[in-house]
Amino acid sequence: MFINKNDWHEKSLRLKIAAIFCLVIIFSIAGTSLYSYQQYKSHLIKTKTEQLKSIRSAKSRQIEAYFKQIRNQIETLSESIMVIDAANEFKQAYNEIRPSNINGLSNNEYELGLYEYYKNEFSPRVQRNKTDNNSISPYVNISSTAKYLQYQYIFSNPNPTSKKDKLSFAKDQSNYSDVHQRYHDIFRKFLIKFGYYDIFIVDPDSGNILYSVYKEVDYATSLMTGPYKDSNLGRLFREVRASNRKDFVKLIDFEPYLPSYNQPASFIGSPIYDGDTKVGILIFQMPIDEINSIMTSDENWFLEGLGYSGETILVGNDYKMRSQSRFLIEDPQKYYQDIAANGADKNTIDHIKKFKSAILLQEVDTPATEKALNGGLGEDIIKDYRNQEVLIAYLPLNIADVEWVFIAKYDVSELLDELAKLSLNTLMGVLIFLLVFFSFAIFFSRNISFPFETLKRYSATLLKNKSFHPLNLSHHKLANQLGANINAIGHSIHQHLINLEPILKGQLLNASDQTSNQHLSNPLPFNKLDNATVNISNHIGLINQRYNMILTSLIRQTQIQNENKNNDLQRAKFDLNNFQKMNQNIAAAARENKLIATINDKIAQQVSVFIEQQKEIKKELINVNNNVDDLINEHVHRDLMKRYIKDFGTQITTTMRKIRREGIENKADIKSKLEEMDHIFKRM
């Protein structure tokens, strides 16, 4: 069945209203959500930036305070009587050692033993962290005293590598072992308590390392002529040795240090004065673990407010890290993949894997590092050394003798993840809200569309019924009002049709046989519209008949008056002839009206055919309106005719009175009056 587009629009009115409500609220929520998303993103970035600034401020002060503490410790310790005495005693004991006269060992015995240590213990460890094969060469360049002491405290030490500091007395019957036993436990406790990697006492004159807590292969060697003279430890020694200030303290930056198996090492030194005489140099090997502990918050980044991707790092003026990377600690494989994708060469990655450390290996060449090295302090969003977009806060550190910068950063992706979680939660809430709102919109749209749908249903009911039947009213208030109004209008029209029906039936009985036959062949439709059309046309004939009756009555009155006046008989006959002519004109007008009625009958027939073909309802309503307009025009015409007839009667009465009063002598006046009457008839 074909459905008219307009009908479809009307049928979907409820859905349209609900859809419009939903679209409005969806677009409103979408716009508000987008604005809120941008605002919350900005707020989140701003909040995290402030948090990074706070971490930067706290951590940078902490690391600066830590290095300042180390400077104060070494300066204070170098001035202590114990350290001064230890320097003097170790120097004397060291110089007294004659390897050939101690413990009955020949040079060949301890040299061969120490060589085995270098070859089988030290060299393999270094090779894992070094690309060349020169790890055994330092053995060749050390003095016999150094070899002897290394043999006693390293090779003959029953403790494993990295535990050699546990040996306090070598039992070689030397004065050096007595001195070592006297001071070693004190220095070792100090080292353990403050976390240093190693503590050295160095002879300022010869550069010999008189004492070491940890006992690596730099122990007992000379920093002036030995294999490590060009290391950062050797350079530090020369700078402290050259200074004449008693409170002089020097820190040297991290570099790979061969005795520590090529691990990064940094040193700080201060002179030891006995009065005005420089008797030694006290050196600390900086504690990498302690520095990393500060920078990683003991690997509790999350509790520090750095989430799952934030970290704080130290970077030197060579753009290399001075502290450990969080990502290397937590997920090494992903870290290797990230830095490889960002362009790190295979050799660097291999060294990081060997050392399990990014210090002095991971390059952090970013705009933030450059700005901080130039003295700048700020925040930014950049790509970090993993090629990840990060929110970063940086500043230069105030640490004497080194040019380091502090960086606190946080992955933007984690911020967006937080934002995505919030957006998802918001979306779920919005969906629930939309479901509730859609239900409300359906209910509300039903209340809005129900009166229109009811009006449509009422109209259809009225149009399809042949006779008027009152509509069943709805419980809806507005629909009930519409139904009541339609019932009132329908009842009024029905009453008018009932009142007109007897008149219309009388007119139909007086119709001509031809018209009757035509109607028999084409039966009148039962539709109210057909009856109204036929009755309107016949009603015009009824009015014309009434006009003829009135005129006939007037003529009769004139004839009676003329018969009573014998002297005016001839004149009356003349007047009657004129009246008959006028009557003929009126009859002609009546015939014209009858012709109009016939035409209207034909129109009614065409209208009935049009209705039988079931044309659109709206055209029927237009025809009804047109017929109603004709009826109105007919009523106006009837009123006009009444006025003309009244004027005509008045003229006749006036003329007849004048004739009775003046006789027929003034024929010109009577003629003038009759011409006026004729003019009135013509207008009619």
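No lab work stands behind these numbers, since they all come straight from the coordinates. Quantities reported herein were computed from a predicted structural model and do not represent experimental measurements. So basically every Cβ, Gly included, is an ideal-geometry build from the backbone, and we count neighbours across all protein chains shown.
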Between beta-carbons, use under 12 Å as the cut-off and find the net charge around Asn175, counting Lys and Arg +1, Asp and Glu -1. -1
Could you work out how far the C-alpha centroid of segment 190-242 sits from that of segment 305-371, in angstrom? 30 Å
What is the Cα radius of gyration of segment 78-291 over 2.2 N^0.38 Å, N being its residue count? 0.96
Ranked by how many other beta carbons lie within 10 Å on average, peptides 337-346, 262-271 from highest: 262-271, 337-346
Amide H neighbours of Lys278 at under 5 Å, excluding residues fewer than 5 places away on the same chain, with H built from the backbone geometry, are none
Any residue on another chain or 5+ positions along whose placed amide H is under 5 Å from the amide H of Ser325 is listed here as Ala358
How far apart, in nm, are the 7 Å Cα→Cβ label points at Asn244 and Thr225? 2.7 nm
Taking 8 Å as the Cα distance limit and 6 or more residues as the minimum spacing, I'd like the relative contact order of segment 305-418 as a percentage. 31 percent
Cβ neighbours within 10 Å, averaged per peptide: list 407-413, 52-58, 38-44 in order, most packed at the top. 407-413, 52-58, 38-44
Calculate one ³J(HN,Hα) per residue across segment 258-264 by plugging θ = phi - 60° into the Karplus curve 6.51 cos²θ - 1.76 cosθ + 1.60, and present them in order as whole Hz with x for glycine and proline. 4, x, 8, 6, 6, 6, x
Entries in Lys215/Lys246; Lys353/Lys409; Lys229/Lys383; Lys164/Lys250; Lys41/Lys383 that, when Cα-Cα distance is taken, lie over 30 Å: Lys229/Lys383
Looking at segment 246-332, which trypsin sites (Lys or Arg not before Pro) are in a loop (DSSP not H, G, I, E or B) and have at most 16 other Cβ atoms within 10 Å? Lys246
Roughly how big is segment 78-291's charge dipole about its Cα centre, with Cβ charges of +1 (Lys, Arg) and -1 (Asp, Glu), in debye to the nearest 20? 240 debye
Given 20 °C and 1.002 mPa s, compute D for segment 305-418 with the Stokes-Einstein relation, Rh being the Kirkwood radius over Cα pairs; round to the nearest whole µm²/s. 150 µm²/s
For segment 310-409, what is the charge dipole size about the Cα centre, in debye to the nearest 20, if Lys and Arg each add +1 at the Cβ and Asp and Glu each add -1 at the Cβ? 340 debye
